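The values are calculated or read from the model by the stated rules, or taken from the named source; none is laboratory data. Worth saying up front: this structure is predicted, and the values here are computed from it rather than measured. A quick note on method: Cβ atoms are made from the backbone with ideal geometry, for glycine too, and the neighbour counts reach across all protein chains shown. Calculation scope for accessible area: heavy atoms of the full protein, side chains included, ligands and nucleic acids excluded. Shrake-Rupley method; radii C 1.70, N 1.55, O 1.52, S 1.80 Å.
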Amino acid sequence: VELSCIIKSTVTPDPRIEWKKIRNGETSYVFFDNKMQGDFATRAEILSRTSLVIKNTTRMDTATYRCEVAAPSDTKTIDEINIQLTVQ
């Protein structure tokens with residue numbers, strides 16, 4: 001599955017992008033400090049700097065995924081989007 005976090009425009013040369021997983025009220029890192037975290041390290045990757053690709057998804061991946069973008073040089077320095085993923 002591919003989850004996309006689209007950045008329209010930014011003047012910050014290298015904005016910080018993080019992905020988090022929110023399930024049952026608990027938040028965990030998926031992509032942090034420029035690398036995959038936890039069990040995502042072996043089955044997920046970042047494409048084009050902003051899209052999260054999760055391979056071999058299971059029902060345990062059902063959650064809300066939050067993409068957070070920090071761009072300190074921009075007028076809006078931080079923004080986020082939540083994507084609900086449901087695996088049948």
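Near T86, within a Cβ-to-Cβ distance under 10 Å, what is the net charge of the other residues, with Lys and Arg +1 and Asp and Glu -1? Display every interim value, and only then the final one.
Numbers: positive: R59; negative: D61.
After counting each charged neighbour, the total is 0.
If Lys and Arg each add +1 and Asp and Glu each add -1, what is the summed charge of the other residues whose beta carbon sits under 14 Å from the beta carbon of C67? Can you show the working numbers first?
Numbers: positive: K8, R16, K20, K21, R49, R66; negative: E2, E18, E68, D79, E80.
Result for the local shell: +1.
Principal axes first, then extents: for the Cα atoms of region 1-50, list largest minus smallest coordinate on each axis, whole Å, largest first.
Principal-axis extents of the Cα atoms in region 1-50, largest first: 35, 24, 21 Å.
Taking all protein chains in place and a 1.4 Å probe, what share, in percent, of the accessible surface of the chain do carbon and sulfur account for?
Values: 2800 of 5780 Å².
Here it works out to 48 percent.
Take peptides 44-54, 4-14 and line them up by average Cβ neighbours within 10 Å, highest first, as a rough protection proxy. Write down the numbers at each step before the final one.
Working: 44-54: 15.3, 4-14: 11.3.
Ranked by mean Cβ neighbours within 10 Å, highest first: 44-54, 4-14.
Can you list the aspartates and glutamates whose alpha carbon is less than 18 Å from that of K76, not counting same-chain residues fewer than 8 positions off?
Result set, ordered by chain and number: D14, E18, E68.
Starting from the Kirkwood Rh over alpha-carbon pairs, what translational D in µm² s⁻¹ does region 25-88 have by Stokes-Einstein at 10 °C and 1.306 mPa s? Can you show the working numbers first?
Working: Rh = 13.1 Å.
Estimated diffusion coefficient is 121 µm²/s.
Just the accessible area per residue of the chain, please: how many Å² with a 1.4 Å probe? Mind dumping the intermediate values first?
On the way: 5780 Å² over 88 residues.
Each residue of the chain exposes 66 Å² on average to a 1.4 Å probe.
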